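First comes the structure, then the notes that go with it.
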Amino acid sequence: MTDETALLVADVFEAAGALRRLGERTADAEGLTQARWQVLSVASEDPLTVPQAARRLGVSRQNVQRVANDLVELEFAAFAPNPDHRSSPLLTLTSRGRESLARVTARAAALHAALFADISDEEIRSTRASLRRLLAELDRHEGTAGQR
């Protein structure tokens, strides 16, 4: 590994950690955790089963089940019958969950606008393109192309 490659890997991990911390603070300001925010977000477009949500988020089914149970207990979400699979209900958002998701998403958008204000769209596009290439190589290396 070249020095530049090692430094890039370190920078990616540092940025990921800083963005996770920002995400936790953003979610906390709306009474959520980042995990709850992510599960609300993934289930916001279409109701999903817990295994479907876990696959979309790239985390374990058990982790999503725990978070989904918390969201249901807090009345941010509900489990609805699944006509395709009786033992795997669909996670749906309640009005409280939709309102909380809208608030945390708006808060995040404002923070992102401030955070990226001095970075040009061209730099953002270029960075994203490089990261997408890196992710594609990681998928190829792991034999998981298209599964993320």
Taking region 75-101 as the search range and keeping residues that are more than 17 Å from the chain's Cα centre (by Cα) and part of a helix (DSSP H, G or I), which one is surrounded by the fewest Cβ atoms within 10 Å (Cβ to Cβ)?
95
Residue identified as touching a strand residue (DSSP E or B) at 6+ places or on another chain (Cβ under 6 Å) and either open to solvent by less than 80 Å² (accessible area, probe 1.4 Å) or not β-branched (Val, Ile, Thr) (or both) among 16, 43
43
Output for Cβ contacts, cut-off 9 Å, separation at least six or different chains, first residue over 24 Å from residue 135 (Cα atoms) and hydroxyl-bearing (Ser, Thr, Tyr) in region 5-34, second assigned to a loop (DSSP other than H, G, I, E, B) and open to solvent by less than 30 Å² (accessible area, probe 1.4 Å), reads 26/32
Restrict the check to region 53-74 and report whether at least one residue is more than 13 Å from residue 36 (Cα to Cα), touching a Pro at 6+ places or on another chain (Cβ under 7 Å), free of Cβ contacts under 8 Å to residues at least 12 places away in the same chain and not in a loop (DSSP other than H, G, I, E, B).
yes
Sort through 9, 39 and tell me the only one that's modelled with pLDDT of 95 or more, among the aliphatic types (A, V, I, L, M) and not in a loop (DSSP other than H, G, I, E, B).
39
Conditions (1) under 25 Å from residue 45 (Cα atoms); (2) loosely packed, with under 13 Cβ neighbours inside 10 Å -> residue 104 fails only (2)
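The values are calculated or read from the model by the stated rules, or taken from the named source; none is laboratory data. Since the structure is predicted, the reported quantities are computational estimates derived from the model, not experimental observations. Cβ coordinates were reconstructed from backbone atoms using ideal geometry, including for glycine residues, and neighbour counts include every protein chain displayed. What goes into the accessible areas is simple: the full protein's heavy atoms, side chains included, and nothing from ligands, DNA or RNA. Shrake-Rupley method; radii C 1.70, N 1.55, O 1.52, S 1.80 Å.
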